[in-house]
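Asks: Next up is a structure, given as structure tokens.
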Amino acid sequence: MTQVILGQVLNGIIVGTLYGIIALGVTLTFGITGIVNFALGQFMMIGAYAAWHLTDVVHLPYPLSVALAVLIAGLAGFLSDRALFQFTRNNLVNGLLVSIGLISVIESGALLLYTATPKNMDFVLSGSWTLGAITISRMKVVTFAVLLAVIALTWLALANTWLGRATRAYAQNPEAAMLMGVKTEMLQVGVSVYSCALAGIGGALYAGIYSLEPSMGALFILKGVEAAILAGVGNLAGALVGGIILGITESIGALFLPTAFRDAYGLVFLVAILLFRPSGLFGGQK
Amino acid sequence: MSAAWLLVPLYLVPLVSHNEVLLTILIFTYILGILAIGFNIVFGYAGQLTMFHGAAFGIGGYATFLILSKLGISFWLAMLPMFAVILLLSMLVGWVCFKFRLREFYFAVVTLAFAELIRLVVLNWNDVTNGTLGLLVLDKPTIWWPGRGLVKIDGTVPWYLLTLTVLCAVTVVSQLIVRSWIGRNFAAIRLNEELAQTLGINTFRYKMLAFTISNVFAALAGALFGFYSNYIEPAQLSITQSLDAIAMVLLGGMGSILGPVVGAFLLTGLPHVIEFSAELRAATYGAILILVILLMPRGVVGLFSRWRHVA
């Protein structure tokens, strides 16, 4: 039994990092542009389909496809920011609605291009590692490692570079940051694009493990938002931890309680946390 | 002057046109308009961004039908226990959210969480709700008609008249609420909650009231929707349902009585008027939403300030 639980915890951690990468995008976008981009799940879907298309149809090597998929998601993010989100800065409700409109547009686009039939990528990295009685597929471990590295690098960059300090300064006090010479418009565009690229890398790696459907984005943006709130919006390292906690809660919940309610355990946990710690587990700005 | 008068000329539509598509679009407009009016009260007037109205909409359909078929009573009688269920749920969710002073984004997420929990229960309670397959609704509401006794409401024109009448009633009720001291307290809470509290307004109670009204209207709309379309499914409780209503309110114009109905008409009607495949229709829906939000921040009704005055 201990091994089953341990296996579920590991699975939860890996799915949790996927939630975490979206949560990081949610937190960054919210801190800098004042909106929650609900279409981030769809940018993840763009990354996933791009990686699938480049690997299985164009026959590029998988790592190259992932890199290109991230670029494509970032480019799509740039376009969406120039066309739409630059007009909804600091307007939570309008941003929400515009991103909902964008969800419909992107999903219909994916349906037209790739139909609703699920796509399965050929195994790029087969086999699994066995540790005692626990087996875990290699692809999942690689995904986990890459996402962890991306989140850690983002965190280091925000803590140590000039641009990172500017970003944090802007999140704390936009006007003061502006007076100190931070180019706010460029910062906002940059963060918006970076969040979409993060979602894109999550999607590209997801494509190597699970099957793809045009509607996959909706689930991940919900989990991403849950994880971001769980940790406390504005807390970057917390976004990852929030995602992992959410992933583990769901896997363990599904083990002991009916599986059909898998998505519910995270929600119940989130509501409980919010009631007792209204600004999330790790405080953060509110 | 009441906004409801603006709806009266619509009773003439079936006399002028027998176009089934037009009448059907209008029926859906009226039903979803009721849902949107409810959301407008809690968000447009009281400023609370709820995500629970979609769940209330779905429960309205499920509860009415289940009560009707289990007890063998009429549609209208079955609505009473259904409203009791909605009241209880609103009290529970509202109490949790408002007691712990959740606001804005946090309120939205917690109400969304509750709505998702309810959807999962409906989805998995197979014995009662038939799971993903949904329920086929073969019963119809009846009304007493002079000389003909109890008549089933069936077919497009009777449903048109029924839904329009319910919409008129909802419009009148919401106008009475909004114009009374209750509406002024809602506005105070929306504009500055701390100030409202120092002025002696029991903000907890009024937020609960706005939340409950919204859910009751949503449930009423949901019951009509289920019985008109003959079909109830878990998707009717989904987040999309909540978001659609929000889009209608923003599109039509927040904080005006009939704005949400205009929004409901545009979002239900336009994708059908332009003949497209299902995928393109969803894309059009999204594009309309984006364009209106960016180009008309005060909604369609906001463009006609004269209307605003009346409504």
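No value in this document is a laboratory result; all are computed from the given coordinates. The structure displayed is predicted, hence computed values, not measured ones. Heads up, the Cβs are rebuilt from the backbone with ideal geometry, glycines too, and the neighbour counts pull from every protein chain shown.
Asks: About its Cα centre, what dipole magnitude does segment A:118-237 give when the only charges are +1 on Lys and Arg Cβ and -1 on Asp and Glu Cβ, stated in debye to the nearest 20?
Replies: 220
Asks: Which FRET efficiency value, to the nearest 0.05, do you get for B:ASP154 and A:LEU112 by plugging their Cβ-Cβ distance into 1/(1 + (r/R0)^6) with R0 = 56 Å?
Replies: 0.90
Asks: For the residues A:PHE256, B:PHE39, B:PHE211, what sequence is obtained by ranking on other C-beta atoms within 10 Å, fewest first?
Replies: A:PHE256, B:PHE211, B:PHE39
Asks: Please go through segment B:136-236 and write out the trypsin sites (Lys or Arg not before Pro) that DSSP classes as loop and that have at most 11 other C-beta atoms within 10 Å.
Replies: Filter output for segment B:136-236: B:ARG148.
Asks: What three numbers, in Å, describe the spread of the alpha carbons of the protein assembly as shown along their principal axes, ordered from the longest?
Replies: Result for the protein assembly as shown: principal-axis Cα extents of 80, 56, 46 Å.
Asks: What number does segment B:4-237 give for Rg over Rh if you use C-alpha atoms and the Kirkwood radius?
Replies: Using Cα coordinates only, the ratio equals 1.00.
Asks: Still on this structure, please answer the following. Sketch the reach of a paramagnetic label on B:ILE143 as a point 7 Å from Cα along Cα-to-Cβ, and name the residues of segment B:8-29 whose backbone nitrogen lies under 13 Å away.
Replies: So the set is B:11.
Asks: Charges at C-beta only: +1 for Lys and Arg, -1 for Asp and Glu. How large is the resulting dipole of segment B:114-230 about its Cα centre, in Debye rounded to 20? Don't skip to the end; give the middle numbers.
Replies: On the way: 9 positive and 6 negative charges, 75 e Å.
Here the size comes out at about 360 debye.
Asks: Another question, then. Report the residues of segment A:221-263 in range of a label on A:SER279: point 7 Å along Cα→C-beta, backbone N strictly under 12 Å from it.
Replies: A:232-235
Asks: Okay, next question. Hey, what did chain B get for relative contact order, percent, Cα under 8 Å, at least 6 apart?
Replies: Relative contact order of chain B: 35 percent.
Asks: For the protein assembly as shown, with only Lys/Arg (+1) and Asp/Glu (-1) charged at the beta-carbon, what is the dipole magnitude about the Cα centre, in debye rounded to 20?
Replies: 1260
Asks: Would you mind ranking A:LEU18, B:LEU10 so that the residue whose beta carbon has the fewest other beta carbons within 10 Å leads the list?
Replies: Final ranking by Cβ density, sparse to dense: B:LEU10, A:LEU18.
Asks: While we're here: Under a plain spin-label model, where a point goes 7 Å from the Cα along Cα-to-Cβ, how far apart in nm are B:ASP127 and A:VAL141?
Replies: For the pair B:ASP127/A:VAL141, the computed spacing is 4.6 nm.
Asks: By a straight-distance test (C-alpha under 23 Å), which lysines pair with A:LYS223 as possible cross-link partners, with residues fewer than eight away in the same chain excluded?
Replies: Cα-Cα hits under 23 Å: A:LYS119, A:LYS140, A:LYS286.
Asks: Give the average, rounded to an integer, of partner chain Cβ atoms located within 10 angstrom of each Cβ in A:263-273. Each step should come with its number before you reach the end.
Replies: Values: counts 4, 8, 0, 2, 9, 3, 1, 3, 10, 0, 0.
Across the residues of A:263-273, the mean count of other-chain Cβ atoms within 10 Å is 4.
Asks: If a/c stays under 1.5 just call it rounded; otherwise compare a/b with b/c (prolate if a/b is bigger, oblate if not). Do that for segment A:3-132, with a ≥ b ≥ c from the square roots of the Cα gyration tensor eigenvalues. Don't skip to the answer; put the middle values down first.
Replies: On the way: a/c = 2.29, a/b = 1.41, b/c = 1.63.
Oblate, because a/c is 1.5 or more while a/b does not exceed b/c.
Asks: Would you mind checking segment A:120-146 for residues with the amide N under 11 Å from a putative spin-label position 7 Å along Cα→C-beta of A:VAL4?
Replies: Zone members listed by number: none at all.
Asks: Could you tally up the Lys pairs in segment B:4-237 with alpha carbons closer than 23 Å? Skip any pair fewer than 8 positions apart unless they're on separate chains.
Replies: For segment B:4-237, the number of qualifying lysine pairs is 4.
Asks: Average partner chain C-beta neighbours within 10 Å, per residue of B:108-118? Intermediate values should be presented prior to the final figure.
Replies: Working: counts 5, 11, 6, 1, 4, 11, 3, 1, 6, 6, 1.
For peptide B:108-118, the averaged partner shielding equals 5.
Asks: What nm value, rounded to one decimal, do you get for the distance between B:ASN192 and B:VAL172 when each label is placed 7 Å out toward the C-beta?
Replies: 3.8
Asks: Ratio of Rg to Rh for segment B:181-311, alpha carbon only, Kirkwood?
Replies: 1.03
Asks: Cα centroid distance between segment A:79-112 and segment B:130-165, in Å?
Replies: Here the answer is 39 Å between Cα centres.
Asks: Considering Cα pairs under 8 angstrom that are at least six residues apart, work out the relative contact order of segment A:154-286 and quote it in whole percent. Mind showing how you got there, number by number?
Replies: Numbers: 101 pairs, mean separation 25.0, N = 133.
Reported relative contact order: 19 percent.
Asks: Among B:LEU89, B:LEU295, B:LEU35, whose mean-square fluctuation peaks in a Gaussian network model of chain B (Cα, cutoff 10 Å)?
Replies: B:LEU295
Asks: Sort A:108-115, A:241-248, A:75-82, A:200-207 by packing, meaning the average of other beta carbons within 10 Å per residue, with the highest value first.
Replies: Peptide ranking by packing, descending: A:200-207, A:241-248, A:75-82, A:108-115.
Asks: If R0 is 56 Å, what FRET efficiency do you get for B:LEU77 and A:MET180 from their C-beta distance, rounded to 0.05?
Replies: With R0 = 56 Å, the Cβ-Cβ based efficiency is 0.25.
Asks: Right, another one. Given contacts defined as C-alpha pairs under 8 Å and at least six residues apart, what's the relative contact order of segment B:1-103, whole-number percent?
Replies: Answer for segment B:1-103 is 15 percent.
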